[in-house]
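The values are calculated or read from the model by the stated rules, or taken from the named source; none is laboratory data. No experiment lies behind these values; they were computed from the predicted model shown. Cβ: placed from backbone, ideal geometry, glycine included. Neighbour counts: every protein chain shown.
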Amino acid sequence: MDQEKPKSSALSEKSGVEQPEIVSKIAAGHIVALRNKNVAAADLISGILSGNITALSRAITLVESTNPEHLAKANEVINGCLPHANQSIRIGITGVPGVGKSTFIEAFGKHLTGIGKKVAVLAVDPSSTISHGSILGDKTRMEELVKDQNAFIRPSPSGETLGGVARKTRETITLCEAFGFDTIVIETVGVGQSETAVHSMVDFFLLLKISGAGDELQGIKRGIMEMADAIVINKADGDNIKKARLAKTEFNRALHLFPAKKSGWTPKVSTCSAITKDGIDEVWEMISEFLELTKSNHYFGEKRREQNQYWMLETIDERLKNHFYNDKNTIALLEQNKKAVQNNEISPFAAAQILLENYFKFNH
């Protein structure tokens, strides 16, 4: 019996046939040279104000940098853009993984650009606690919106910040507003704590839910429900329409249990389908109603002022923390105390006291 020949893979290359270059070496060289070019802060500011998307992207990369040498330049860019900011509507969107945030944001963003809005989406991608890496795949998910000339999508790694809100998202909002985007959408990681940080930097906070995901009481949590200005039940299509309507009734009942909001706004519940686009326009109408109310009763401006103060204090906390951990007199002593704490030679509280006293001794 003849022995069968091994099957060759369809992906195997024939000997003697070389694959053509996918990327031009000349073009790649130009890109590398451009990235390595040190652009002045004034050039970045003028580029942003003139609508240069490359300048905006580079400025965002600069403010996201953890390199201490980039801090002064980043602050100069932010301060140069600040007088041209604060003219947008900031919308925070959260929800558990799998609720369809990216699909919803794409449908919502396309609706907004369709009515003449310029939309910037700041999507925070969860970072691995093991490898510290992020996929940054939101542009892949929003393939239609990413091609829209009136839209800008910027995925950022969450890093080690609270609940996954990128460390410099607040500054990125300022840059996008100075560029001319009138609607800023911030997508959270949706893992529990990120809602607090996003709520402190947006005007309208939208909670996405899906029906049939288990006990509806799991969605009626005081913290997130009290922060939400609206609840939108996504995936209300096909056989799920009836369940979505039932969930809408349940959430409407739950909202009546909470105290009145300081804004004077009564949170609403609606259903939509990011696939069929049903209900997407109603979401924008709801946000428009909220803006009209809060601007007329002056809550809108008051909240913005409170948020500015909050982020000043947060920045102080962050800078002090970074200065402590990068202090040359602290680094060696920190390692010693870590080992001592691990070996139960000293309590964590006593070790912290020693480190702080040492830090203040050299930085008073």
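Of note:
- Sole residue being at pLDDT below 95, within 26 Å of residue 228 (Cβ to Cβ) and exposed (fewer than 15 other Cβ atoms within 10 Å of the Cβ), chosen from 92, 98: 98
- Within the span defined as segment 178-195, one or more residues are modelled with pLDDT of 65 or more, of a type in the set (Phe, Trp, Tyr) and closer than 19 Å to residue 113 by Cα.
- Test for residue 355: is it farther than 30 Å from residue 114 by Cα and in contact (Cβ under 8 Å) with a residue 24 or more places away in the chain: yes
- Residue 127 being touching a strand residue (DSSP E or B) at 6+ places or on another chain (Cβ under 9 Å) and at pLDDT below 75: yes
- Counting only residues that are in contact with a Gly (Cβ under 9 Å, 6 or more places away or on another chain) and charged (D, E, K, R), segment 230-259 holds 3 of them.
- For segment 232-275, a tally of residues being in contact with a helix residue (DSSP H, G or I) (Cβ under 7 Å, 6 or more places away or on another chain), part of a helix (DSSP H, G or I) and under 30 Å from residue 145 (Cα atoms) returns 1.
- Of the residues 61, 103, the single one that is β-branched (Val, Ile, Thr), modelled with pLDDT under 95 and either assigned by TED's automatic domain parsing to the domain that holds residue 184 or farther than 28 Å from residue 206 by Cα (or both) is 103.
- Here 242, 262 are screened, and the one residue that is modelled with pLDDT of 75 or more, closer than 20 Å to residue 293 by Cα and surrounded by fewer than 17 Cβ atoms within 10 Å (Cβ to Cβ) is 262.
- Residue that is nearest to the chain's Cα centre (by Cα), among those in segment 276-297 that are without any contact (Cβ under 8 Å) to a residue 40 or more places away in the chain and in a loop (DSSP other than H, G, I, E, B): 276
- Any hit, segment 277-292, residues being assigned by TED's automatic domain parsing to the domain that holds residue 232 and among the small types (Gly, Ala, Ser): yes
- Residue check, residue 351 among the hydrophobic types (A, V, I, L, M, F, W, C), in a helix (DSSP H, G or I) and buried (at least 16 other Cβ atoms within 10 Å of the Cβ): yes
- Test: residue in segment 298-317 that is more than 25 Å from the chain's Cα centre (by Cα) and surrounded by fewer than 13 Cβ atoms within 10 Å (Cβ to Cβ): yes
- Checking residue 117 against (1) touching a strand residue (DSSP E or B) at 6+ places or on another chain (Cβ under 6 Å); (2) in a helix (DSSP H, G or I); (3) among the charged types (D, E, K, R), the condition it does not meet: (2)
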